[in-house]
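Step one of this worksheet: look at the structure below.
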Amino acid sequence: MIALTTQQAATLSSPQVAALSTSNIAVLETTDLAVIKTSAIAAISSAQLNALTTQQIANLSTGQVAAISTSNIANGLNSSQVIALTTQQAATLSSSQVAALSTSNIAVLETTDLAALKTSAIAAISSAQLNALTTQQIANLSTGQVAAISTSNIANG
């Protein structure tokens, strides 16, 4: 088990973060995780991402969330963690990160989180993802977000 101070956690490099076991990353204090450099967070694996608690996910900075690779979003983020995302974190998701969300993960985005997505991120959703959204989620999209949905996704969604 790893026991780091906040000052020590802030000095972790990308290779050091990548070397942390899933059990070690799961027990990092939220304050320690919050000070890890964005470049080091980018080095976490999908297994490490999946090992993070919902509290740890909710306490990541928007920069840290933006640094998570699309493959790790696709393979490491579970529905409970998606629910734990704050509206500010959701707003920083890139179009490729949103496109990487599974249909079950996009379906659990809170309406405020979905409404916070950039229009470019909404434009990247697939017809399967569009199909997974609830009526309430669709109703809360802005006119700009609705306009960003491709014609083919509307036809197939």
Quiz item: Restricting segment 15-40 to residues that are within 19 Å of the chain's Cα centre (by Cα) and hydroxyl-bearing (S, T, Y), which is farthest from I57 (Cα to Cα)?
Solution: S39
Quiz prompt | Selected residue (only one of Q136, Q56 is part of a helix (DSSP H, G or I), of a type in the set (S, T, N, Q) and buried (at least 18 other Cβ atoms within 10 Å of the Cβ)) | solution = Q56
Quiz item: What pairs can you find where one residue is in segment 61-74 and in a helix (DSSP H, G or I), the other is of a type in the set (G, A, S) and open to solvent by 20 Å² or more (accessible area, probe 1.4 Å), and their Cβ atoms are less than 6 Å apart, with a gap of 6+ or different chains?
Solution: A67/A42; T70/S96; T70/A100; N72/S46; I73/A100; A74/A100
Self-check item: Positions within segment 37-53 being under 17 Å from A84 (Cα atoms) and in a loop (DSSP other than H, G, I, E, B), in sequence order
Solution: L52, T53
Self-check item: Which numbered condition L141 fails, given (1) part of a helix (DSSP H, G or I); (2) open to solvent by less than 30 Å² (accessible area, probe 1.4 Å); (3) more than 29 Å from A43 (Cα to Cα); (4) not aromatic (F, W, Y)
Solution: (1)
Quiz prompt | Tabulated pairs, segment 136-157, first at negative phi, second open to solvent by 80 Å² or more (accessible area, probe 1.4 Å) and part of a helix (DSSP H, G or I), C-beta under 6 angstrom, 6+ apart or interchain | solution = G157/N131
Self-check item: Residue that is most open to solvent (accessible area, probe 1.4 Å), among those in segment 110-133 that are within 18 Å of L85 (Cα to Cα) and hydroxyl-bearing (S, T, Y)
Solution: T112
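The values are calculated or read from the model by the stated rules, or taken from the named source; none is laboratory data. In this text the structure is predicted, and so the values were computed from the model without any measurement. With ideal geometry, Cβ positions are generated from the backbone for all residues, glycine too; neighbour counts draw on all protein chains shown. Surface accessibility is based on the protein's heavy atoms, side chains included, excluding ligands, DNA and RNA. Shrake-Rupley method; radii C 1.70, N 1.55, O 1.52, S 1.80 Å.
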